[in-house]
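One structure is given here, and the rest of the page talks about it.
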Amino acid sequence: MASIPIILEKYHYKDYHYTGIEIDKEVLSLATKYAIDQLQSTVDLICTDAFNYVMTTDKKFDLVIMDVFFDDIIPDKFEAIPFLKALKTLTKENGFLMYNRLAFNEKDIINT
(Lines give C-alpha, C1' and ligand atoms only; values in the text may rest on other atoms or scores of the structure.)
Protein backbone atom coordinates (compact mmCIF):
# COMPACT_ATOMS: atom_id res chain seq x y z
CA MET A 1 0.00 0.00 0.00
CA ALA A 2 3.00 2.31 -0.54
CA SER A 3 3.75 2.84 3.13
CA ILE A 4 7.50 3.07 2.61
CA PRO A 5 7.35 5.72 -0.15
CA ILE A 6 4.88 7.66 2.00
CA ILE A 7 7.21 7.52 5.02
CA LEU A 8 10.28 8.49 3.01
CA GLU A 9 8.53 11.37 1.28
CA LYS A 10 6.28 12.79 4.00
CA TYR A 11 8.60 12.41 6.99
CA HIS A 12 12.08 12.43 5.44
CA TYR A 13 11.36 14.70 2.43
CA LYS A 14 12.79 12.24 -0.11
CA ASP A 15 11.57 12.36 -3.70
CA TYR A 16 12.59 9.11 -5.38
CA HIS A 17 11.46 6.91 -8.24
CA TYR A 18 9.77 3.78 -6.88
CA THR A 19 8.94 0.43 -8.45
CA GLY A 20 6.37 -1.68 -6.63
CA ILE A 21 5.78 -5.35 -7.40
CA GLU A 22 2.42 -6.78 -6.34
CA ILE A 23 0.54 -9.82 -7.59
CA ASP A 24 -2.86 -8.81 -6.19
CA LYS A 25 -4.73 -6.42 -8.51
CA GLU A 26 -7.00 -5.32 -5.66
CA VAL A 27 -4.02 -4.26 -3.54
CA LEU A 28 -2.67 -2.27 -6.51
CA SER A 29 -6.06 -0.64 -6.97
CA LEU A 30 -6.28 0.33 -3.31
CA ALA A 31 -2.71 1.63 -3.29
CA THR A 32 -3.42 3.75 -6.35
CA LYS A 33 -6.68 5.06 -4.93
CA TYR A 34 -5.51 5.85 -1.39
CA ALA A 35 -1.72 6.22 -1.39
CA ILE A 36 0.01 6.77 -4.71
CA ASP A 37 -1.95 9.93 -5.50
CA GLN A 38 -0.64 11.48 -2.25
CA LEU A 39 2.97 11.22 -3.46
CA GLN A 40 5.03 13.64 -5.50
CA SER A 41 7.47 10.83 -6.28
CA THR A 42 7.17 8.73 -9.41
CA VAL A 43 5.77 5.26 -8.70
CA ASP A 44 5.68 2.41 -11.20
CA LEU A 45 3.43 -0.46 -10.15
CA ILE A 46 3.92 -3.85 -11.75
CA CYS A 47 1.28 -6.53 -11.33
CA THR A 48 3.26 -9.75 -11.26
CA ASP A 49 4.58 -12.43 -8.96
CA ALA A 50 7.45 -11.01 -6.85
CA PHE A 51 9.34 -14.31 -6.90
CA ASN A 52 9.34 -14.50 -10.71
CA TYR A 53 10.23 -10.81 -11.00
CA VAL A 54 13.21 -11.09 -8.66
CA MET A 55 14.45 -14.27 -10.29
CA THR A 56 14.27 -12.90 -13.86
CA THR A 57 14.85 -9.14 -13.88
CA ASP A 58 18.20 -7.59 -14.70
CA LYS A 59 17.33 -4.22 -13.16
CA LYS A 60 19.36 -2.77 -10.28
CA PHE A 61 17.99 -0.65 -7.46
CA ASP A 62 19.40 1.65 -4.79
CA LEU A 63 17.00 0.20 -2.24
CA VAL A 64 15.30 -3.20 -2.32
CA ILE A 65 12.68 -4.01 0.29
CA MET A 66 11.38 -7.56 0.58
CA ASP A 67 7.95 -7.38 2.21
CA VAL A 68 5.96 -10.46 1.18
CA PHE A 69 3.39 -12.02 3.45
CA PHE A 70 0.36 -14.25 3.03
CA ASP A 71 -1.54 -13.35 6.16
CA ASP A 72 1.40 -13.35 8.61
CA ILE A 73 3.50 -16.03 6.90
CA ILE A 74 6.42 -15.58 4.50
CA PRO A 75 6.21 -18.41 1.96
CA ASP A 76 9.23 -20.73 2.01
CA LYS A 77 10.39 -19.81 -1.50
CA PHE A 78 10.93 -16.21 -0.34
CA GLU A 79 13.29 -17.42 2.39
CA ALA A 80 15.27 -19.86 0.24
CA ILE A 81 18.94 -19.15 -0.50
CA PRO A 82 18.48 -18.78 -4.30
CA PHE A 83 15.85 -16.07 -3.77
CA LEU A 84 17.93 -14.26 -1.15
CA LYS A 85 20.94 -14.27 -3.50
CA ALA A 86 18.74 -12.96 -6.32
CA LEU A 87 17.56 -10.11 -4.05
CA LYS A 88 21.19 -9.22 -3.45
CA THR A 89 21.87 -9.05 -7.20
CA LEU A 90 19.03 -6.51 -7.57
CA THR A 91 20.79 -4.16 -5.18
CA LYS A 92 23.29 -1.67 -6.59
CA GLU A 93 26.85 -1.75 -5.23
CA ASN A 94 26.24 0.94 -2.60
CA GLY A 95 22.55 0.17 -2.21
CA PHE A 96 20.55 -1.27 0.65
CA LEU A 97 18.55 -4.46 1.01
CA MET A 98 15.85 -4.58 3.67
CA TYR A 99 13.92 -7.73 4.52
CA ASN A 100 10.72 -7.33 6.52
CA ARG A 101 9.93 -10.09 9.01
CA LEU A 102 7.48 -10.57 11.85
CA ALA A 103 8.59 -11.87 15.22
CA PHE A 104 6.05 -13.75 17.31
CA ASN A 105 8.30 -15.18 19.99
CA GLU A 106 11.85 -15.12 21.37
CA LYS A 107 13.03 -17.76 18.86
CA ASP A 108 11.86 -15.57 15.95
CA ILE A 109 13.77 -12.61 17.39
CA ILE A 110 16.96 -14.66 17.79
CA ASN A 111 16.68 -16.02 14.22
CA THR A 112 16.28 -12.57 12.70
Scanning segment 1-30 for residues that are in a helix (DSSP H, G or I), touching a strand residue (DSSP E or B) at 6+ places or on another chain (Cβ under 8 Å) and at pLDDT below 90, the one farthest from MET98 (Cα to Cα) turns out to be PRO5
(request) Answer yes if at least one residue in segment 64-72 is without any contact (Cβ under 8 Å) to a residue 40 or more places away in the chain and assigned to a helix (DSSP H, G or I), and no otherwise. (result) no
Q. Quick one: would you say LYS59 is of a type in the set (D, E, K, R), open to solvent by 80 Å² or more (accessible area, probe 1.4 Å), farther than 26 Å from ASP15 by Cα and in contact (Cβ under 8 Å) with a residue 12 or more places away in the chain?
A. no
The number of residues in segment 16-56 that are open to solvent by 100 Å² or more (accessible area, probe 1.4 Å) and in contact with a Leu (Cβ under 9 Å, 6 or more places away or on another chain) is 1
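Among the residues of segment 36-65, write down those that are of a type in the set (Lys, Arg) and closer than 23 Å to ILE6 by Cβ. Give the derivation first.
Filtering segment 36-65 down to residues of a type in the set (Lys, Arg) leaves 59-60.
Of everything in segment 36-65, just one residue is of a type in the set (Lys, Arg) and closer than 23 Å to ILE6 by Cβ, namely LYS59.
So, in segment 37-72, how many residues would count as being under 15 Å from the mean Cα position of the chain (by Cα) and at pLDDT below 90?
Step one: list which residues in segment 37-72 are under 15 Å from the mean Cα position of the chain (by Cα), which gives 43-55, 57, 59-70.
Now drop any that are not at pLDDT below 90, which leaves 65-70.
The total comes to 6.
The values are calculated or read from the model by the stated rules, or taken from the named source; none is laboratory data. Everything quoted here is computed from the prediction, not taken from an experiment. Cβ sites come from the backbone with ideal geometry, for glycine too, and all protein chains shown count toward neighbours. Note: accessible area is taken over every heavy atom of the protein model, side chains too, but ligands, DNA and RNA are not part of it. Shrake-Rupley method; radii C 1.70, N 1.55, O 1.52, S 1.80 Å.
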